[in-house]
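I have placed the structure first, in the form of structure tokens, so that the comments after it can refer back to it.
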Amino acid sequence: MAQRLVLRQLLSLTSRTLPTQDPLALRASLAPHGSLAPHGRVFSTSSGRRSTFNVQDGNDFQDRVVKNPKPVVVDFHAQWCGPCKILGPRLEKMVAKQEGKVLMAKVDIDDHTDLAIEYEVGA
């Protein structure tokens with residue numbers, strides 16, 4: 001419950017409003033070079049827009065989480081953990097709504113036991 005409250009407070013710090021515009025003008029401004037993809041869809045292959053990432057090792061955790069200027073929600077999880085399977089996608093969805101203002105790092109505690117111990121992750 002406390003984690004949910006902290007997450008809500010963190011996410012409330014960012015603005016969720018888009019500038020009021022005509023929907024067609026908004027789509028055109030999102031399309032590269034002013035052109036729309038077929039059926040009016042906009043596609044992006046930029047990995048820079050990803051808000052969720054997997055931590056590879058301790059150095060990666062330091063570089064991408066601890067030293068990151070943006071707020072980072074860290075999801076310590078395990079493949080066998082039932083509650084983790086329920087909470088993980090919900091966290092990802094909430095972070096994705098922030099459009100890059102908040103990032104999410106996923107740490108598998110079976111692969112990175114040292115990080116779990118260092119940050120006192122428990123049940």
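A few remarks follow.
- Under 5 Å, built H, 5+ apart or other chain: amide partners of F76: V107
- Sites matching GluC sites (Glu not before Pro) across the stretch 57-123 that sit in DSSP coil, with at most 16 neighbouring C-beta atoms within 10 Å: E99, E120
- Shown in residue order for the stretch 84-97 are the 3J(HN,Hα) couplings computed by the Karplus curve 6.51 cos²θ - 1.76 cosθ + 1.60 at θ = phi - 60°: 5, 5, 7, 6, x, x, 5, 4, 4, 5, 5, 5, 4, 5 Hz (x for Gly and Pro).
- Sulfur and carbon atoms: percent of accessible area, the stretch 52-119 [1.4 Å]: 54 percent
- Taking all protein chains into account, the per residue accessible area for the stretch 52-119 stands at 60 Å² (1.4 Å probe).
- Sequence-ordered 3J(HN,Hα) estimates for the stretch 106-123 from the Karplus curve with 6.51, -1.76 and 1.60 and θ = phi - 60° stand at 10, 10, 7, 5, 6, 7, 10, 4, 4, 5, 4, 5, 4, 9, 6, 6, x, 5 Hz, glycine and proline given as x.
- D (Stokes-Einstein, µm²/s), Kirkwood Cα radius, the stretch 52-119, 0.692 mPa s at 37 °C: 267 µm²/s
The values are calculated or read from the model by the stated rules, or taken from the named source; none is laboratory data. As the structure is a computational prediction, the values presented were derived from the model and not from experiment. Don't worry about glycine lacking a Cβ; one is built from the backbone with ideal geometry, like all the others, and counts go over all protein chains shown. Note: accessible area is taken over every heavy atom of the protein model, side chains too, but ligands, DNA and RNA are not part of it. Shrake-Rupley method; radii C 1.70, N 1.55, O 1.52, S 1.80 Å.
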